[in-house]
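Undergrad: Please read through the structure below; I'll follow up with questions.
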Amino acid sequence: MLARMALLGASQQDLVVMEAKFNADKPQDLVVWPENVLAMRIFMVCATQWRRNQMDGSHESLRWDAISIALNRNCEARKLKDTAIDDLFSQIVLMERVALEEFANIRQEQKSE
């Protein structure tokens, strides 16, 4: 695509900007530490379980009842003691908060475009 843009007369600066945008949109590799794998699995299972704002459609929170169901359905999580379940839940809530911040950043970028 960049070659076509160059043929159409795009400036070198425009090509550099477009290349950076294309590279930024590519998925990045994600490394999950072993101690976080179970929390990540549960979080991903709940990926479709976001509570959304009725007015603007923004993400408000994960449905905690869905997290509970996901924890109960996961054979690894069922083997954990209560304190470990609490720690796992805390990891998921932390991921939820980070995801909410990222959703807000994306919405802000979309508004400014």
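Undergrad: Around L62, which amide H atoms from residues at least 5 apart in sequence, or from another chain, sit under 5 Å from its own amide H, with H modelled in the peptide plane?
TA: Residues meeting the criterion, in which the H sits 1.01 Å from N, are R51.
Undergrad: Considering only V98, I85, L8, whose Cα is most displaced toward the positive end of the charge dipole of the chain, charges sitting on Cβ of Lys, Arg (+1) and Asp, Glu (-1)?
TA: I85
Undergrad: With a 1.4 Å probe and every protein chain kept in, tell me what percent of the accessible surface of segment 25-92 is carbon plus sulfur.
TA: Working: 2790 of 5190 Å².
C and S fraction of accessible area: 54 percent.
Undergrad: I've got another one for you. Below 8 Å, C-alpha to C-alpha, sequence gap of six or more: please give me the relative contact order for the chain in percent.
TA: 21
Undergrad: Considering the chain as a Gaussian network with a 10 Å cut-off on Cα pairs, which listed residue, L71, L62, L30, attains the greatest mean-square fluctuation?
TA: Checking each option, the largest mean-square fluctuation is seen for L30.
Undergrad: Calculate, for the chain, the solvent-accessible area per residue in square angstrom, rolling a 1.4 angstrom probe over the heavy atoms of the protein chains.
TA: Numbers: 9000 Å² over 113 residues.
I get 80 Å² per residue for the chain.
Undergrad: Further, regarding this structure: Can you find, among Q110, W64, Q54, the residue farthest towards the positive end of the dipole of segment 48-113? Put +1 on the C-beta of Lys and Arg, -1 on that of Asp and Glu.
TA: Farthest along the dipole direction, towards plus: W64.
Undergrad: Go through segment 102-113 residue by residue and turn each phi into a ³J(HN,Hα) via Karplus (6.51, -1.76, 1.60, θ = phi - 60°); whole Hz please, and just put x for glycine and proline.
TA: 5, 4, 5, 4, 4, 4, 5, 4, 5, 5, 7, 7
Undergrad: Given a 1.4 Å probe and heavy atoms of the protein chains only, how would you sort V98, V37, largest accessible area at the top?
TA: Ranked from most to least accessible, the order is V98, V37.
Undergrad: Can you classify the chain as rounded, prolate or oblate using the Cα gyration tensor, where a ≥ b ≥ c are the square roots of its eigenvalues, rounded means a/c under 1.5, and otherwise it's prolate if a/b beats b/c and oblate if not?
TA: Judged from the Cα gyration tensor, the chain comes out prolate (a/c at least 1.5, a/b above b/c).
Undergrad: Can you give the angle from 0 to 90° between the axis of helix 64-73 and the longest principal axis of the chain, with both taken from C-alpha atoms, to the nearest 10?
TA: That works out to roughly 70 degrees.
Undergrad: Roughly what would the spin-label model give for E101 and D82, points 7 Å off Cα along C-beta, in nm?
TA: 3.2
Undergrad: If you filter segment 7-93 for trypsin sites (Lys or Arg not before Pro), then keep DSSP loop positions with at most 12 other Cβ within 10 Å, what is left?
TA: Passing sites in segment 7-93 are K79, K81.
The values are calculated or read from the model by the stated rules, or taken from the named source; none is laboratory data. Since we're looking at a predicted model, the values are computed, not measured. Every residue, glycine as well, gets a Cβ built from its backbone with ideal geometry; the counts of neighbours run over all protein chains shown. The area values use the complete protein model at the heavy-atom level, side chains included, leaving out ligands, DNA and RNA. Shrake-Rupley method; radii C 1.70, N 1.55, O 1.52, S 1.80 Å.
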